[in-house]
Each structure stands twice: as C-alpha cells, then as structure tokens.
Amino acid sequence: MTAASEVRRPAPLLTEDNLAYWEAARDREFRIQGCADCGKLRHPPRPMCPHCGSLRTDMVAVSGKGAVYSYAILHHPQAPVFDYPVQAVLVDLDEGVRVLSNIVGAAPGDIRIGMPVQVEFADTKDGWAVPVFRPVAS
C-alpha cells in the first residue's frame, strides 16, 4: 500500500449508482453490477438493467481475469495527478463485461490486443482505490 503522502491519483467521483462498485474496490474486491432479476452483468453501474428494465441490482464478485480488447497510449493533455504516458485499456473480462482502466507493469510497446491481464488495485486520495490491470504470463 502506498503512503498517503505519495498518492496523487484523485479519488473516484461517487454517485448513488456507483458507490457499491467503489466501496468494493476500496476493499480490494472486484465486483461488477448485475441485474437481480435477469442476472446479466453490466458496467459501468447504472440504475436500470439494459436487458430487462429491472431496477433491482446486485454486486457480483468477478475473477478480475480478462484480455485486452483495445488500448491507447495517452501523452497529452497532461494532468499533474497522473503518471505519463497513461496506458488506457479496454479489458474484456472472462465474465463477459468490458471495462475501461489502466494497464500497469508493461511498457507501452509491449501491450497487445488479446494480452491476458489480471486486476489489481491502485490507491487514490482519500483512502479509495481503483481497479487497474497487470499482464499475466500466458
């Protein structure tokens, strides 16, 4: 865990819809919102199921394993709270949900479409954490 004085990444913006997602991340648990009626997973968290229209939700623990669907290496515009280049990544989770995050532990030139990854968590200000992904040996 990083010392609080070293943490630069901003805390997530919390809403009624995403609070349970961010609370799980803070506790180093990767949970995705699911429909309590039809069981389908969805991300980002939102109030209504796009599949059946239900307003009932669950937070489902997922493996955090997946593969890189796409990525971008961002150099500009720079904000002082992030390290550059930012390695933005879309990950297709094994459970069938696509999430946007960062990839860590890889040089920009080593990132590949289809690369297997595993979730871990990066500390943010105010004691929160965000899911990020690290490459795993195939």
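Points worth noting:
- Only a single item in (1) under 20 Å from ASP123 (Cα atoms); (2) over 13 Å from the mean Cα position of the chain (by Cα) is not met by ALA88, and it is number (2).
- Set ALA107, ALA88: member being without any contact (Cβ under 8 Å) to a residue 24 or more places away in the chain, farther than 27 Å from ARG46 by Cα and of a type in the set (A, V, I, L, M, F, W, C): ALA107
- Boolean, PRO131 is in a loop (DSSP other than H, G, I, E, B) and closer than 22 Å to LEU13 by Cβ: no
- Among the residues of this structure, PRO12 does not count as one that is exposed (fewer than 13 other Cβ atoms within 10 Å of the Cβ) and under 27 Å from LYS125 (Cβ atoms).
- Residues that are outside any loop (DSSP other than H, G, I, E, B), out of contact with any Leu (no Cβ under 7 Å at 6 or more places or on another chain) and modelled with pLDDT of 95 or more, drawn from region 1-25: LEU19, ALA20, TYR21, GLU23, ALA24, ALA25
- Which listed residue is modelled with pLDDT of 95 or more and under 27 Å from VAL136 (Cβ atoms), from PRO50, PRO45: PRO45
- Residue count for region 77-90, restricted to those that are touching a Pro at 6+ places or on another chain (Cβ under 9 Å) and part of a strand (DSSP E or B): 1.
- Whichever residue in region 26-76 is of a type in the set (Val, Ile, Thr) and in a strand (DSSP E or B) and, among such residues, is farthest from GLU120 (Cα to Cα): THR57
- For region 64-82, a residue qualifies if it is free of Cβ contacts under 8 Å to residues at least 40 places away in the same chain and within 19 Å of the chain's Cα centre (by Cα), and the qualifying residues are ALA72, ILE73, LEU74.
- Of all the listed residues (GLY53, GLY66), the sole one being surrounded by 14 or more Cβ atoms within 10 Å (Cβ to Cβ) and either touching a His at 6+ places or on another chain (Cβ under 6 Å) or not polar (S, T, N, Q) (or both) is GLY66.
- Residue in region 94-102 that is touching an Asp or Glu at 6+ places or on another chain (Cβ under 9 Å) and not charged (D, E, K, R) present: yes
- Region 113-124, residues that are surrounded by 12 or more Cβ atoms within 10 Å (Cβ to Cβ) and assigned to a loop (DSSP other than H, G, I, E, B): MET115, THR124
The values are calculated or read from the model by the stated rules, or taken from the named source; none is laboratory data. Being a predicted model, the structure only gives us computed values, none of them experimental. Quick reminder, even Gly has a Cβ in these numbers, built from the backbone with ideal geometry, and neighbours come from all protein chains shown.
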